[in-house]
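The values are calculated or read from the model by the stated rules, or taken from the named source; none is laboratory data. Bear in mind that the values here come from a model prediction, so they are computed numbers and not experimental data. Every residue, glycine among them, receives a Cβ derived from its backbone with ideal geometry; neighbour counts consider all protein chains shown.
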Amino acid sequence: MSYIKFLGTAGARFVMIKQLRASGGMWFSFGSTNFLVDPGPGCLVRAVKSRPKLDPAKIDFIFLSHKHLDHSCDVNLMIEAMTNGGFTKRGGVFAPRDAFEQDPVIFKYILRYPQKIESIAEGNTYSVNDISIKIPVRLHHSVETYGFKIRWKGLVAAYLPDTGFFEGLAQSYAGSDILIINTVMFEPREGVGHLSLPEAENIIKAVKPQKAILTHFGMQMLKNRIWERGNEISDRTGTEVVIASDGMLLDIDGVYTNSSSKI
């Protein structure tokens, strides 16, 4: 079974600080490859207490979209877990350059542990096992931030993390079969580097994935009971839209079977 496990769906600082939603990031298992995305506070605990239990020693790589703490707080811990406390040199870490060099969130001594370290950049493509990782565009956020379009066999699974809306954003994610969108705000707010629900809906309409998943919710999304709105959002966008919940496991085998997309 290939799947995406949502270890947490908290977005923005207050939902994270109050732990109104968990903040552990996402675990992807595609075939025999496991990778972790944005390991925020509580990632390790959420992984090992998960059902089914997830073994951090089997992670093949960690992807960090940007260095804000709700995305990176557990990154050093998860690198240690991936490498058996540093005794087994294995795995990879993909992160923006400023996560390593400018006010780094990944400790220098930890960088000795993985087999591969990559500073990601717009337009680049990387490979791990049978997975291709493309970085579509640099996003508009307060620190260097990137999402991805991952191709595995015939499937393209994309992650759009924290960003303000800008011209060309949706086009950068065209061809995605699965599109995960960090949707912090219920309504747009000018000058805030996060997507709102109407903006996420417009992106879904433009990209037309087989399945879209909204996650990383801020306080207003919770106050407006976003988990009850999946059907109406699906109707408005013409796409199956899933509202992520903590611990949710998304089986992607059906999406993979129907996929013919290209990055």
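Considering only residues that are in contact with a helix residue (DSSP H, G or I) (Cβ under 7 Å, 6 or more places away or on another chain) and under 18 Å from ALA99 (Cβ atoms), look in segment 138-162 and name the one that is surrounded by the fewest Cβ atoms within 10 Å (Cβ to Cβ). For segment 138-162, the residue satisfying everything is VAL143. Sub-6 Å Cβ pairs linking a first residue in segment 8-36 that is in contact (Cβ under 8 Å) with a residue 60 or more places away in the chain and farther than 15 Å from VAL93 by Cα to a second residue that is assigned to a strand (DSSP E or B) and of a type in the set (Ser, Thr, Tyr), at least 6 apart or interchain, are GLY8/SER23; THR9/THR215; ALA10/SER23, ordered by first then second residue. Inspection of segment 63-79 identifies no residue that is in contact with a strand residue (DSSP E or B) (Cβ under 8 Å, 6 or more places away or on another chain) and more than 30 Å from HIS194 (Cβ to Cβ). Which one of these is at pLDDT below 95 and more than 14 Å from the chain's Cα centre (by Cα): ARG189, ARG229, ARG225? Only one candidate qualifies: ARG189. Considering the conditions (1) at pLDDT below 95; (2) over 28 Å from ALA174 (Cβ atoms); (3) among the charged types (D, E, K, R), LYS116 is excluded by exactly one of them, (1). Would you please name the residue that is modelled with the lowest pLDDT, looking only at residues in segment 249-263 that are of a type outside the set (Asp, Glu) and surrounded by fewer than 17 Cβ atoms within 10 Å (Cβ to Cβ)? If we take residues in segment 249-263 being of a type outside the set (Asp, Glu) and surrounded by fewer than 17 Cβ atoms within 10 Å (Cβ to Cβ), then ILE263 is modelled with the lowest pLDDT. Tell me, please, whether a residue that is basic (Lys, Arg) and either crowded, with 17+ Cβ neighbours inside 10 Å or under 18 Å from ILE213 (Cβ atoms) (or both) can be found in segment 182-192. The answer is no, given that none of the residues of segment 182-192 is basic (Lys, Arg) and either crowded, with 17+ Cβ neighbours inside 10 Å or under 18 Å from ILE213 (Cβ atoms) (or both).
Looking across segment 163-181 at every residue that is in contact with a helix residue (DSSP H, G or I) (Cβ under 8 Å, 6 or more places away or on another chain) and of a type in the set (Phe, Trp, Tyr), the one that is surrounded by the most Cβ atoms within 10 Å (Cβ to Cβ) is identified as TYR173. Could you look through segment 13-47, keep only residues that are in a helix (DSSP H, G or I) and surrounded by fewer than 20 Cβ atoms within 10 Å (Cβ to Cβ), and pick out the one that is modelled with the lowest pLDDT? Among them, the one singled out is ARG13. Residues in segment 123-182 that are among the aliphatic types (A, V, I, L, M) and either free of Cβ contacts under 8 Å to residues at least 40 places away in the same chain or in a loop (DSSP other than H, G, I, E, B) (or both): ILE135, VAL137, LEU139, VAL143, LEU169, ALA170, ALA174, LEU179, ILE181.
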